[in-house]
Every structure is written in structure tokens, then in C-alpha cells.
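Working notes, beginning with the structure itself.
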Amino acid sequence: MSKYRIGLYPGTFDPITNGHIDIVKRGLRLVDKLIIGVATNPSKNPMFSLEERVEMVERELKPLAEEVGVDFEVQQFDELLMHFAEKVNATVIIRGLRAVADFEYEFQMTGMNYQINPNIETLFLMADPRYQTIASKLVKEVALYGGEIAPFVPATIAEAVRAKIADAK
Ligand code: ADP
């Protein structure tokens, strides 16, 4: 029996990095449709507005999905992840694991999510070692102090980060 698999990759994407992109490329091999869930996350005090993050994610990732013929959508969400996953009919949630530091949090969250809905599986993917240490938070910090962020994000994103910092000054 064939089954149309819908994967949900949630995150803040403030901004999208080469690490996220690597995880998405891997995720695209595993599902028939990939939904990127951009979390509002006001508590994280994002550098980019929700609209900007959605737009950047769409611009960077849509061509990758098209290239491999996987259905693709970017949606924003502001609710419990599992509720959003149910609403979009996701059967699998994709998360990236960077280092040991990510593990504790992801371990707890996944355990609780399994109790909320045991039918939705969470799948952890590891990025290529070249991208494993990239984090949106550090990209912003490096840029803020005038460091070069070109190795960590696509060129258009690096430009957007620089522009944001220039605006704020
Ligand atoms: P969140 O607010 O959920 O942490 P992020 O945008 O920071 O959102 O990350 C979304 C997902 O992508 C998380 O599962 C995170 O672990 C993963 N991720 C981010 N950067 C990397 C990376 N460099 N390598 C692997 N996974 C990553």
C-alpha cells in the first residue's frame, strides 16, 4: 500500500542557515511533501519578523524541493507543535541534532510529544560535519561584531543580516 508521507520541519529560522538547508536536503529524500513550520516564537526575540523569516525560508528552500519533485509548503504557526502537526496531517516531524547540547532538550520534548500524539514520529537528522556547528544565534552574534558570516548562510541571507544590523545602528 502506498502512503503519501507528509513531513514537518519546525523551527524559528532566525535566519535560515546552511545547517537548516542541509537538514532539509536530507528530509526531502524521506517524504512526499515537506512542510516547513516557521514558529512565531516572540519569546526568542527574533531579529527578523515572522513574515521575513517565512519569505527567506521559501526563497531558499522551494527550489530545492522542486529540483527533487517533492511537494513543498512554508507555513507559520503559533500553537503547540503537535497540534499544528495534526492540523497539517504530518506523519513525521523532522528535527536536526547538532551536539550533545541539543540532545537533552530534544529528548524531553520528543518524549512529551509522543504522549500527546503517539502516531506522529519524530525523526532526528544530523547535518554534514561542515554544517553541524552552525546556529542562527551565533550567526547573528558574529555579524553583530563585524565577523564574516558568508560560510554559514546563503549570500542573500548574509546580506539581509548585514542590512538588519546596519538599520539598527
Ligand atoms: P528552534 O527554535 O526550534 O531551535 P531553529 O531554527 O534554531 O529552531 O532550528 C530548527 C531545527 O533545526 C532544530 O531541530 C535544530 O536543532 C535544527 N538545526 C539548526 N541548525 C542546525 C545545524 N547546524 N545542524 C543540524 N540541525 C540544525
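Are any of the residues in the range 113-122 out of contact with any Lys or Arg (no Cβ under 9 Å at 6 or more places or on another chain) and within 9 Å of the ligand (Cβ to nearest atom)?
Applying the first criterion (out of contact with any Lys or Arg (no Cβ under 9 Å at 6 or more places or on another chain)) to the range 113-122 yields 113-121.
Imposing the further condition that a residue be within 9 Å of the ligand (Cβ to nearest atom) reduces the set to none.
No; the residues of the range 113-122 include none that is out of contact with any Lys or Arg (no Cβ under 9 Å at 6 or more places or on another chain) and within 9 Å of the ligand (Cβ to nearest atom).
Conditions first: (1) within 13 Å of the ligand (Cβ to nearest atom); (2) closer than 15 Å to D14 by Cα; (3) among the acidic types (D, E). E106 passes all but one, so which condition is the exception?
(2)
Can you tell me which of (1) assigned to a loop (DSSP other than H, G, I, E, B); (2) open to solvent by less than 30 Å² (accessible area, probe 1.4 Å) is the one A85 doesn't meet?
Status for A85: all satisfied but (1).
On the given criteria, is G69 within 15 Å of the ligand (Cβ to nearest atom) and not β-branched (V, I, T)?
Criteria not met by G69.
I'd like to know if the range 50-58 contains one or more residues that are modelled with pLDDT of 95 or more, closer than 24 Å to K3 by Cα and of a type in the set (A, V, I, L, M, F, W, C).
There is no residue in the range 50-58 that is modelled with pLDDT of 95 or more, closer than 24 Å to K3 by Cα and of a type in the set (A, V, I, L, M, F, W, C).
Exactly one of (1) open to solvent by 30 Å² or more (accessible area, probe 1.4 Å); (2) over 18 Å from P46 (Cα atoms) is unmet by A166. Its number?
Evaluating A166 over (1) open to solvent by 30 Å² or more (accessible area, probe 1.4 Å); (2) over 18 Å from P46 (Cα atoms) leaves (2) as the failure.
Among the residues of the range 23-62, how many are over 24 Å from N89 (Cβ atoms), open to solvent by 20 Å² or more (accessible area, probe 1.4 Å) and either among the polar types (S, T, N, Q) or assigned to a helix (DSSP H, G or I) (or both)? Walk me through how you get there before you give the answer.
To start, the set of residues in the range 23-62 that are over 24 Å from N89 (Cβ atoms) comprises 42-49, 51-52, 55-56, 59-60.
After this cut, where a residue has to be open to solvent by 20 Å² or more (accessible area, probe 1.4 Å) as well, the list is 42-47, 49, 51-52, 55, 59-60.
Of the ones still in play, those that are also either among the polar types (S, T, N, Q) or assigned to a helix (DSSP H, G or I) (or both) are 42-45, 49, 51-52, 55, 59-60.
Final tally of qualifying residues: 10.
Go through the range 86-103 and report how many residues are more than 11 Å from the ligand (Cβ to nearest atom) and of a type in the set (A, V, I, L, M).
Residues in the range 86-103 being more than 11 Å from the ligand (Cβ to nearest atom) and of a type in the set (A, V, I, L, M): 4 in total.
Which pairs turn up if I take residues in the range 117-128 that are within 10 Å of D22 (Cα to Cα) and look for partners that are modelled with pLDDT of 95 or more and in a strand (DSSP E or B) with beta carbon separation below 7 Å, at least 6 apart in sequence or on another chain?
Filtered contacts from the range 117-128: L125/I94; L125/G96; A127/G96.
How many residues does the range 111-129 hold that are open to solvent by 60 Å² or more (accessible area, probe 1.4 Å), in a helix (DSSP H, G or I) and out of contact with any Ser or Thr (no Cβ under 8 Å at 6 or more places or on another chain)?
Residues that pass the stated criteria total 3.
Looking only at residues in the range 1-36 that are more than 9 Å from the chain's Cα centre (by Cα) and among the aliphatic types (A, V, I, L, M), which one is farthest from the ligand (Cβ to nearest atom)?
Residue satisfying both the conditions and the ranking: M1.
Being within 7 Å of the ligand (Cβ to nearest atom) and of a type in the set (S, T, N, Q) is the filter here; which residues of the range 37-51 pass it?
Answer for the range 37-51, where residues must be within 7 Å of the ligand (Cβ to nearest atom) and of a type in the set (S, T, N, Q): just N41.
Quick check on the range 130-144. Is at least one of its residues loosely packed, with under 12 Cβ neighbours inside 10 Å, away from the ligand (no atom under 13 Å from the Cβ) and not in a strand (DSSP E or B)?
Checked against the condition, which is being loosely packed, with under 12 Cβ neighbours inside 10 Å, away from the ligand (no atom under 13 Å from the Cβ) and not in a strand (DSSP E or B), the range 130-144 yields no hits at all.
The values are calculated or read from the model by the stated rules, or taken from the named source; none is laboratory data. Being a predicted model, the structure only gives us computed values, none of them experimental. Counting neighbours? That spans all protein chains shown, and the Cβs are built from the backbone with ideal geometry, glycine included. Accessible surface is based on the protein model in full, side chains and every heavy atom, while ligands, DNA and RNA are left aside. Shrake-Rupley method; radii C 1.70, N 1.55, O 1.52, S 1.80 Å.
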